[in-house]
Amino acid sequence: MLKFDTAYYKRFYSDNGAHDTEKIAHLATAVHHLAAWWGINITTVLDVGAGMGMWRDWYHKSFPDVAVQSIDVSEHACNTWNHEQRDIAIWRPRRKFDLVVCHSVLQYLDDASATQAFANLAAATRHVMYLELPTKWDFENVIDESGTDLQVHHRSAPWYRTQLSPHFRQVGAGLWVPLNGTPMYELEACR
Ligand SMILES: C[S@@+](CC[C@H](N)C(=O)[O-])C[C@H]1O[C@@H](n2cnc3c(N)ncnc32)[C@H](O)[C@@H]1O
């Protein structure tokens with residue numbers, strides 16, 4: 001897994017990062033407390049493609065009683081930031097987690113692997129999944145090319161929705177809940 005080596009993490013995180021610990025703290029705070037608003041008590045978290053481990057570290061600092069399992073396919077990331085080495089296209093956890101985080105990962109997987117990964121993410125999610133990935137439209141309209149890895153799969157939002165819709169309902173802002181999961185008001189989540 002040569003792509004995800006020291007140079008990769010230096011290029012996209014240390015030098016000119018898409019996000020950093022401060023931004024992750026804002027995001028993780030919002031996700032954790034929005035879940036609380038829905039009555040979801042997050043006690044277990046799975047961080048998929050954890051990279052430098054920013055979500056895991058935020059939980060350890062902010063909510064040390066929450067059990068976080070972090071996985072990454074990169075041997076370098078696992079050795080450096082202490083994750084289990086797993087490929088989410090292949091690995092399906094035997095138990096569910098209250099919150100699953102998959103932040104900026106699935107754009108690296110080819111179509112078949114991403115499809116398998118969505119099924120594995122669905123199997124892992126008890127209450128909430130936070131998902132972020134750039135679509136083709138994002139690359140054309142939103143993304144700052146200087147701080148983003150462009151050597152990824154550029155797929156459409158409809159393609160991703162086709163993968164997600166058998167498993168999840170979209171809440172918004174990157175949050176997805178399992179079908180038949182926590183009840184939402186009609187205007188709180190998409191049908
Ligand atoms: C852009 S980094 C994101 C790191 C972290 N999630 C974050 O947002 O700070 C992408 C990460 O996904 C990992 N990754 C890529 N393919 C993966 C796979 N099939 N299974 C698990 N991790 C994967 C890479 O090793 C890398 O650490």
With Cα springs under 10 Å, the Gaussian network model of the chain assigns the largest mean-square fluctuation among Arg155, Arg94, Arg56 to Arg94
Place a point 7 Å from the Cα of Phe63 in the direction of its beta carbon; the residues of the stretch 156-190 whose amide N falls under 16 Å from it are 175-177, 182
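What does the net charge come to around Ile71 if you take all other residues with beta carbon closer than 13 Å to its beta carbon, with K and R at +1 and D and E at -1?
-2
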For the chain, whose charge dipole is built from +1 on Lys and Arg Cβ atoms and -1 on Asp and Glu Cβ atoms, the candidate among Pro93, Leu109, Gly49 with its Cα farthest towards the positive end is Pro93
The FRET efficiency for Glu188 and Ala7, from their Cβ-Cβ distance with R0 = 41 Å and rounded to 0.05, is 0.45
Computed ³J(HN,Hα) along the stretch 74-91: with the Karplus parameters 6.51/-1.76/1.60, θ = phi - 60°, integer Hz and x for glycine or proline, the list is 7, 4, 4, 4, 5, 5, 7, 10, 6, 10, 7, 8, 9, 9, 5, 6, 10, 8
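Around Gly53, with a cut-off of 11 angstrom between Cβ atoms, what is the net charge of the other residues, counting Lys and Arg +1 and Asp and Glu -1?
Taking every Cβ under 11 Å from that of Gly53, the sum is -2.
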Treating only Lys and Arg (+1) and Asp and Glu (-1) as charged, each at its beta carbon, one finds that the chain has a dipole about its Cα centre, in Debye to the nearest 20, of 660 debye
Residues meeting the amide H criterion for Phe168 (H placed from the backbone, H to H distance under 5 Å, 5 or more places apart or on another chain) are Leu179
Going fewest to most other Cβ atoms within 10 Å around each Cβ, His83, His33, His127 line up as His33, His127, His83
When the chain is treated as a Gaussian network with springs between alpha carbons less than 10 Å apart, the largest mean-square fluctuation among Val48, Val142, Val66 is found at Val142
Using alpha-carbon positions, the gyration tensor of the chain gives root eigenvalues a ≥ b ≥ c; with a/c under 1.5 called rounded, otherwise prolate if a/b exceeds b/c, else oblate, the class is rounded
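In the chain, which whole DSSP H runs stretch at least 15 Å along their own axis (Cα) and average 0.0 or higher on the Kyte-Doolittle scale?
Span-like helices in the chain: 21-37, 111-124.
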Percent antiparallel among DSSP beta bridges confined to the stretch 46-191, rounded to 5, stands at 30 percent
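Each reported figure results from applying straightforward, stated rules to the coordinates on display, with no laboratory input. Keep in mind that what you see is a predicted model, and the values were worked out from it rather than measured. Positions of Cβ are generated from backbone atoms using ideal geometry, with glycine treated the same way; all protein chains shown enter the neighbour counts.
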